[in-house]
Amino acid sequence: MKKIAVIADDLTGANATGVLLSKHGFSTATILQGFLSQPFNYDAICIDTDSRYISKKAAYQSVSKIASAMLAQGVELLCKRIDSTARGNIGVEIDAILDCIGDHSVAIVMPSYPSSGRTTVGSYLLVDGVPVQETDVGKDPQSPLKDSYIPWIISSQSERKIGCIELNEVLGGKNMIARKISELVDSGCRIIVIDAVTEMHIEETASAMAEWKTCFVPVDPGPLTAAYAKKKYGNDVKTPKLLVSIGSCTSVTERQIGHLIQKMNVQPVYIDPGKLANADLNVRNDELLRGVEEGLLRTKTESVILVTTNQPDQPLLDLKALASKQNTTQESLARKITDGLALISQRIIQGSETAISGCFTSGGDVTASICAASRAHGIQLMDEVFPLAAYGRFAGGYLDGMPVITKGGLIGGDDAITVCIRYLFKQLSKSKDIKENMS
């Protein structure tokens, strides 16, 4: 899958565009700046530069640094997420990206977000039909916006030649838009502002852009980025992969795992809890490495990667005797096991060549350990799959925004885990007709 990077000037904007990309079937995450040196395993990532209200020089440097890092990691499509009311260092941040890519790049600026009341007519940005400078944005105590004409806003920060495609030309459809883009590029324009008042205008523009080999940079609040990415790479979006991490050792969970294996042809990665609890760090580390390596092999061929310490016919680990032998507590050993399973799960997610789109966890301790290992600060709850099985998204950390279902180890019938996995596939495929091999 081609890699996409969205550079936003604030965190909520990064997340907003990321959600639109995920709705089109791209596995997407917002990545904190401190972790950009690590190769990412998502179709798209969003990065917050927190540069809306800093100096122009600092904004340029911040965006330039991130754009260069993304290009070095193989990103083919850089996108600039801008505020839906055109606040911030728009011009210099566009320049920073174009400078990093090179002279063959062209920024397509479309500030419209029709579903949120943002439209552009005659290159003027309107909010619910009112020029943006006459809304509360014009009274912003920190940085009031004094203009609604997008080319002027950009030209006050950029010396590049700016062209405009107005609504009467957009109404001519993608062929007209493509022709006007060609004319403006030939005349030396590297920044092109395009009108739109409906979602269809955005789709037509994206279609016109996708027919070109020119390196376009979509600059918008999100809709154009999502539409262009879908047109350009939509055929490459594959069936999502899910990681299933189960630490519960109950007989109920064992039957549920058996049902999942039978119904969805899953090949488990069994983790030895005794080795995770071993006092010899070499033994523990070898088991961690083996689990990660086997899990990563499964990601190459499987849609569901099951990692579990619950192995059929395996006797329960006598934590009391082991704790006495190691002169420690049962609670400490149990934590070592769950932390080890969580670490294996996190490393599989981060190391997979094909992005992991969601995960399922069974057992509260495992769920808590995965949150800790990934530095998530919690889970945003969104729905109930069935009583005591919750659907949501990780909040914060490495897995920010990733869908997850959590379930207690003693909850549900034999098909409970299978039901959860099917539910998760359904949520991931709502915006795309994905064939699921779940017979």
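The values are calculated or read from the model by the stated rules, or taken from the named source; none is laboratory data. Predicted, not measured: the structure shown is a model, and the values here were computed from it. With ideal geometry, Cβ positions are generated from the backbone for all residues, glycine too; neighbour counts draw on all protein chains shown. Each accessible area value is taken on the protein alone, full model and side chains, heavy atoms only, with ligands, DNA and RNA left out. Shrake-Rupley method; radii C 1.70, N 1.55, O 1.52, S 1.80 Å.
Each Cα pair under 8 Å and six or more residues apart adds its sequence gap; the mean of these over the residue count of the chain is a relative contact order of 16 percent. Taking 12 Å as the straight-line reach from the Cα of Lys230, the aspartates and glutamates in range (excluding those fewer than 8 positions away in the same chain) are Asp43, Glu203. Against the empirical 2.2 N^0.38 Å (N residues), region 234-315 has a Cα radius of gyration ratio of 1.22.
Ordering Glu159, Glu353 by accessible surface, largest first, gives Glu159, Glu353; the 1.4 Å probe counts only protein heavy atoms, with every chain in place.
Within straight-line reach of Lys325, meaning a Cα separation under 28 Å, sit the following lysines at least 8 residues removed in sequence or on another chain: Lys275, Lys336. Calculated translational diffusion coefficient of region 69-192 (10 °C, 1.306 mPa s; Stokes-Einstein with Kirkwood radius over alpha-carbon pairs) equals 102 µm²/s.
Among Glu166, Glu204, the order of accessible area from largest down is Glu166, Glu204, computed with a 1.4 Å probe on protein heavy atoms.
Starting with the highest mean, order 223-231, 302-310, 377-385 by the number of other Cβ atoms within 10 Å, averaged over the residues of each peptide.
On the way: 223-231: 25.7, 302-310: 23.7, 377-385: 13.7.
Ranking the peptides 223-231, 302-310, 377-385 by packing returns 223-231, 302-310, 377-385.
Taking 15 Å as the straight-line reach from the Cα of Lys57, the aspartates and glutamates in range (excluding those fewer than 8 positions away in the same chain) are Asp9, Glu93, Asp95, Asp99, Glu159.
Could you tell me which of the pairs Lys3/Lys80; Lys80/Lys300; Lys23/Lys174; Lys80/Lys161; Lys300/Lys407; Lys263/Lys426 are separated by over 21 angstrom between their Cα atoms in the structure shown? Don't jump to the answer; show the numbers that get you there.
Working: Lys3/Lys80 15 Å; Lys80/Lys300 32 Å; Lys23/Lys174 23 Å; Lys80/Lys161 18 Å; Lys300/Lys407 27 Å; Lys263/Lys426 16 Å.
Violating the 21 Å Cα-Cα cut-off are Lys80/Lys300; Lys23/Lys174; Lys300/Lys407.
Using a 1.4 Å probe on the protein chains only, how many percent of the accessible area of region 238-387 belongs to carbon and sulfur? Before the final figure, lay out the partial values.
On the way: 3610 of 7330 Å².
The C+S portion of the solvent-accessible surface of region 238-387 is 49 percent.
Between the beta carbons of Thr328 and Asp415, assuming R0 = 30 Å, the FRET efficiency works out to 0.20 to the nearest 0.05.
Accessible area ranking (1.4 Å probe, heavy atoms, ligands and nucleic acids excluded), largest first, for Lys161, Lys80: Lys161, Lys80. Computed extension length for Thr198-Asn265: 19.6 nm, one decimal, from 0.36 nm per residue of separation with the Cα-Cα distance subtracted.
So what's the gap between the Cα centers of region 313-374 and region 68-127, to the nearest angstrom? What the calculation gives is 43 Å, centre to centre. Stokes-Einstein diffusion of region 167-300 at 25 °C, 0.890 mPa s viscosity, Kirkwood radius from Cα pairs, rounded to a whole number: 124 µm²/s.
Counting only alpha carbon atoms, the long axis of helix 364-373 and the longest principal axis of the chain meet at about 50°. For region 1-85, the extents of the C-alpha atoms along the principal axes are 35, 29, 19 Å, listed from largest to smallest. Taking 7 Å steps out from each Cα toward its Cβ at Ile54 and Ser251 produces label points 6.0 nm apart. Stokes-Einstein diffusion for region 54-112 at 10 °C, viscosity 1.306 mPa s, with a Kirkwood radius from C-alpha pairs, works out to 133 µm²/s.
What share of Cα pairs, in percent, lie more than 16 angstrom apart in region 194-247? Show your work: numbers first, answer last.
Details: 705 of 1431 pairs.
Cα-Cα pairs of region 194-247 separated by over 16 Å account for 49 percent.
Rounded to the nearest angstrom and listed largest first, the equivalent-ellipsoid semi-axes of the chain from its Cα gyration tensor are 47, 22, 19.
With the helix formula -39500 (n - 2.57) applied to DSSP H stretches of n ≥ 4, the chain reaches a computed 222 nm mean residue ellipticity of -12500 deg cm²/dmol.
Note on Gln61/Lys161: beta-carbon distance plugged into 1/(1 + (r/R0)^6) with R0 of 30 Å gives a FRET efficiency of 0.80.
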